[in-house]
Amino acid sequence: MATDTVELWSSVALVVVLLAGYLWLRSHQHRRRLERERKLRCKELILDNRLPLARRKVDFDLLVDLVKLGIDAGQLEKVVELLTAVPVEHHVSEDGQGNGLNAKLDFEGELSDSAAAAPGTADRAGGSDDPAGEEAVEVVEGMPVEKEKAWFRMAHNRFRHALVDKEITERQARFRMLVRMVELGKKAVQDDGAKPVKRKEYELELWDRFYENEYLELNSE
């Protein structure tokens, strides 16, 4: 009789252990599936926004680090929105007072329309008295398509030759070299007082496109 009782309790204990192991395995598999789905959604979000992020010179490795830290797709979407948002320029006068820098941030509710609006927007919209209004309609033709392609080829070759000349092979160093080349190119455009504003904007856009192309090419290697 005692032997039967021991065998019964042994069987019960074995069943409990097996059941606990089964439940733990199912829970572990469920967590891993959710983790894979989270990473897949984050990866798709980054890939869908890779061009705007590249234009903003965002380090994709840092976004990957955020995903590894456990950020979910909704939070990552907000981060991407912040990184790709159009920058707002605030003009600071000589006495140090900045128009639009005292915006009231209400984190408990929505921003008021006046606080969220960019400074000077209403003036520009109403705008016939603004002397800059005439400049806004200035049109400067860009280069023909073939010349644009030739410019990109020349810039690409100069960048690659610079990497070879300086014997730069490490990935992050190549990205830093790319950023430095684009910064110098943009500075040369901005410092050229003979160029019209619209022409400068066009050439700055060329440098942004060059950076985007080279960044994506370096990432694909």
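Every number in this text was worked out from the coordinates using simple rules, so none of it is lab data. Bear in mind that the values here come from a model prediction, so they are computed numbers and not experimental data. When we count neighbours, we look across all protein chains shown, and the Cβ atoms used for this are built from the backbone with ideal geometry, even at glycine.
Any idea what the dipole of the range 31-79 comes to, in debye rounded to 20, about its Cα centre with Lys/Arg Cβ at +1 and Asp/Glu Cβ at -1? The partial results should precede the final answer.
Working: 14 positive and 9 negative charges, 29 e Å.
Dipole of the range 31-79, to the nearest 20 debye: 140 debye.
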Legend entry - Additional length obtainable on full extension of the chain from E77 to E167, 0.36 nm per residue less Cα span: 28.6 nm
Inset, instruction - State whether the range 170-217 is rounded, prolate or oblate according to the following rule on the C-alpha gyration tensor (a ≥ b ≥ c being the square roots of its eigenvalues): a/c under 1.5 gives rounded; otherwise a/b larger than b/c gives prolate, and the remaining case gives oblate. - result: oblate
Inset, instruction - Report ³J(HN,Hα) in whole Hz for each residue of the range 16-23, in order, from the Karplus equation J = 6.51 cos²θ - 1.76 cosθ + 1.60 where θ = phi - 60°; Gly and Pro get x. - result: 5, 5, 5, 5, 5, x, 5, 5
Inset, instruction - Just subtract the alpha-carbon distance of L66 and N213 from 0.36 nm times their residue separation and send over the number in nm, one decimal. - result: 50.5 nm
Inset, instruction - Quickly work out the L19-to-E183 label distance, labels modelled 7 Å from Cα along the C-beta direction, and quote it in nm with one decimal. - result: 6.5
Inset, instruction - Multiply the residue separation of E7 and L34 by 0.36 nm, subtract the distance between their alpha-carbon atoms, and state the gained length in nm to one decimal. - result: 5.7 nm
Legend entry - Peptides 166-176, 181-191, 3-13 ordered by average Cβ neighbours within 10 Å, highest first: 181-191, 166-176, 3-13
Inset, instruction - Could you run the Karplus curve 6.51 cos²θ - 1.76 cosθ + 1.60 with θ = phi - 60° over the range 63-68 and give me ³J(HN,Hα) per residue in whole Hz, x for Gly and Pro? - result: 5, 4, 4, 4, 5, 5
Inset, instruction - Add +1 for every Lys or Arg and -1 for every Asp or Glu among the other residues with Cβ under 12 Å from the Cβ of E44, and state the total. - result: +2
